[in-house]
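The values are calculated or read from the model by the stated rules, or taken from the named source; none is laboratory data. Not measured: the values here are computed from a predicted model. Cβ: placed from backbone, ideal geometry, glycine included. Neighbour counts: every protein chain shown.
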Amino acid sequence: MNIILLETPLTIEEVDTLLKEFPHFLFLHLSEEGTKALDKEHWDRIEVYFGENLKREEVLHADQLRWIHSPINDVTLLPMDEIKKKGNILVSITDNPNVRQAGEFIFAALLGFAKHLFHWRDLTKFPNLIWENKWSDTIWDLKDKTLIQIGLDSVGDEVTRLAKNFGMKVYGIDHKRTFHPNCKKVLPYKELHCILPLANCVVLSLPKENSFNDFFGEKEFELLKNDLIFVCRGNVKSVNEKALINFMKKGFMRGLLIDADPSHPLSQNSPLFNFPESIITPQVEYLPETLSHKGFQNFHYNLRQYVHGNFSDMRELIYRPKLPEYV
């Protein structure tokens, strides 16, 4: 009997529904810590995974794994390189109910840096300097500032929507040149250098794939103007840390936000923690999480299609291997 691993929190009623409808599967409803304790015998039998934190080594161990369903619309925590390399695993997602929170979090940082809120906080330690400061003359109005959103996933879409509402000039960078309702232009990754010199704000939202490691490095930082706000969410490896540190040392950064993926956290000894312009957080952009059963509903529907081989009817299928049985 093959296993369906449920790492997403479900109600007793939801688990009971699955047990009754799909008795030919063994269901394991585990926390992330519980999943780490699984032995090789269990991984050899796992056919379906419902969760968002599957690790690279777990994919390698799961020889029977054929379908992954994420409860959110964000695959940056999934090792897509290993999944694609295996060539026989379907991947589907759920529209993220917490996209709004992520957009608010990123714009809280953008506004905080634009208005020098963090510098005012520090100045409260020296009340005699508040009226004779160097920050009053450099407060930004976001209107007409240029934001470049690199990666147009669901959070990227929300950032562009908010930026447009603030009157910013918004440009997108994604896989290909296309139309986007919130962007003046969307350019392919290879044309990033053409647009970077215009940026006042850069937001990176790239998948957790090896092909994006060091995507933003020394050449890219050299193209940026001074007094820049830089945001990296999820895939910290998409930014070359050494190049970022060198840019920060030059004093060119107005503000830095990194909302780090806990599976690839920054080293505790990273110099990035020491810059007064930097804020480092442990992937809190989605908090507080919205309680939503849409993830289960999509998974339940897709599981019905999966067991009957109706792969073309599965919802939000973002990766389908080029195998005859999946056509």
Across (1) assigned to a loop (DSSP other than H, G, I, E, B); (2) out of contact with any strand residue (DSSP E or B) (no Cβ under 7 Å at 6 or more places or on another chain), C183 clears everything bar (2)
Checked the range 41-98 for anything of a type in the set (D, E, K, R) and closer than 22 Å to F311 by Cα; matches are R45, E47, E52, D63, R66, D74, D81, E82, K84, K85, K86, D95
Those residues of the range 43-95 which are in contact with a Pro (Cβ under 6 Å, 6 or more places away or on another chain) and under 19 Å from F25 (Cβ atoms) amount to N88
Open item on the list: Based on this model, can you work out whether T178 counts as farther than 24 Å from N213 by Cβ, within 23 Å of the chain's Cα centre (by Cα), in the same structural domain as N235 (by TED's automatic domain parsing) and not acidic (D, E)?
Closed with: yes
If we keep only residues of the range 265-290 that are among the β-branched types (V, I, T) and within 16 Å of the chain's Cα centre (by Cα), then the residue farthest from V75 (Cα to Cα) is I280
Do we have any residue at all in the range 289-297 that's part of a strand (DSSP E or B) and in contact with a helix residue (DSSP H, G or I) (Cβ under 7 Å, 6 or more places away or on another chain)?
-> no
Residue hits (the range 15-35; of a type in the set (D, E, K, R) and touching a Leu at 6+ places or on another chain (Cβ under 9 Å)) are E21
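Results for (1) in a helix (DSSP H, G or I); (2) touching a strand residue (DSSP E or B) at 6+ places or on another chain (Cβ under 8 Å), shown as yes or no for each residue.
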{"residue": "L10", "(1), (2)": "no, yes"}
{"residue": "D16", "(1), (2)": "yes, no"}
{"residue": "V48", "(1), (2)": "no, yes"}
{"residue": "N53", "(1), (2)": "no, no"}
Among the residues of the range 300-314, is there at least one that is in a loop (DSSP other than H, G, I, E, B) and in contact (Cβ under 8 Å) with a residue 40 or more places away in the chain? yes
Residues of the range 208-223 being surrounded by 15 or more Cβ atoms within 10 Å (Cβ to Cβ) and in contact with an Asp or Glu (Cβ under 8 Å, 6 or more places away or on another chain), in sequence order, are K208, E209
Residue set N226, N240, N200, N182; condition over 30 Å from E82 (Cα atoms) and surrounded by fewer than 20 Cβ atoms within 10 Å (Cβ to Cβ); output residue N226
Across the range 157-179, the tally of residues that are surrounded by fewer than 20 Cβ atoms within 10 Å (Cβ to Cβ), β-branched (V, I, T) and touching a helix residue (DSSP H, G or I) at 6+ places or on another chain (Cβ under 9 Å) stands at 0
Restricting the range 21-43 to residues that are in a helix (DSSP H, G or I) and of a type outside the set (D, E, K, R), the one surrounded by the fewest Cβ atoms within 10 Å (Cβ to Cβ) turns out to be G34
Scanning the range 12-57 residue by residue, those among the hydroxyl-bearing types (S, T, Y) and touching a residue at least 60 places away in the same chain (Cβ under 8 Å) turn out to be T17
Q. Does the range 264-279 contain at least one residue that is within 26 Å of T8 (Cβ to Cβ), out of contact with any Phe, Trp or Tyr (no Cβ under 9 Å at 6 or more places or on another chain) and assigned by TED's automatic domain parsing to the domain that holds F107?
A. yes
The number of residues in the range 213-245 that are in a helix (DSSP H, G or I) and either touching a strand residue (DSSP E or B) at 6+ places or on another chain (Cβ under 9 Å) or at pLDDT 95 or above (or both) is 12
Margin query: Given the criteria among the acidic types (D, E), under 27 Å from E285 (Cα atoms) and outside the structural domain of S205 (by TED's automatic domain parsing), does E47 qualify?
Written below: no
